[in-house]
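Right, one structure below, let's go through it.
The values are calculated or read from the model by the stated rules, or taken from the named source; none is laboratory data. Remember, predicted model here, so these are calculated numbers, not experimental data. Neighbour counts run over all protein chains shown; Cβ positions are idealised from the backbone, glycine included.
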Amino acid sequence: MVYTDEVRKKLDAILKAFEKYIDGQSYFDIVYSKKIGYVWILADYPGDAGAVVLDTPAKMLDRLFNEVINDVVNADENKTHIPNALTLSEWEENEVRRRIAALLEPLTEDKDCYLQFLDRYLKVYQENNGHIGEPDEI
């Protein structure tokens, strides 16, 4: 995958901001391949699911935001989750925003743009009962 310099710079910055979060996960990883670019893969069972190519900042943030949502929903301290609920409780949405804002804090460029993307992302998530579909562009 050939990225423009601008897209590659943004993807690298997002990965750097989320580096500790990604490293702390046992479930997934994001790797770089010279042939296909950045790829999200399952770390526990790599052969069980296809790899997802992350060729735009929106696609990378979509995957990362979804992982943070899953972490919050399944967190031990989450006392608000209703089993089989398809939307986030107020506490869950606030916690997702807090965690993602903290992860994006080191970014100097594009941070505000990514936080606006988060606002749109959560709105669509809530309106579509936990489904996003193809993320909009940043």
List the residue pairs whose Cβ atoms are under 9 Å apart, where the first residue sits in segment 1-15 and is under 11 Å from THR56 (Cβ atoms), the second is among the aliphatic types (A, V, I, L, M) and in a helix (DSSP H, G or I), and the two are 6 or more positions apart or on different chains. TYR3/LEU11; LYS10/MET60; LEU11/MET60; ILE14/MET60; ILE14/LEU61; ILE14/LEU64; ILE14/LEU104
Note down all Cβ pairs under 9 Å where the first residue falls in segment 92-112 and is under 15 Å from PHE65 (Cα atoms), the second is of a type in the set (S, T, N, Q) and not in a helix (DSSP H, G or I), and they're at least six residues apart or on different chains. GLU92/ASN78; GLU92/THR80; GLU93/THR87; GLU95/ASN78
Looking for something within 13 Å of the chain's Cα centre (by Cα) and not acidic (Asp, Glu) - is there at least one such residue anywhere in segment 126-136? yes
Over 23 Å from VAL2 (Cα atoms) and at pLDDT 90 or above - does that describe any residue in segment 40-59? no
State the number of residues belonging to segment 1-23 that are at pLDDT 95 or above and in a loop (DSSP other than H, G, I, E, B). 0
Residues satisfying the stated conditions in segment 4-24, i.e. of a type in the set (Asp, Glu), within 15 Å of the chain's Cα centre (by Cα) and either within 21 Å of ARG120 (Cβ to Cβ) or loosely packed, with under 11 Cβ neighbours inside 10 Å (or both): ASP23
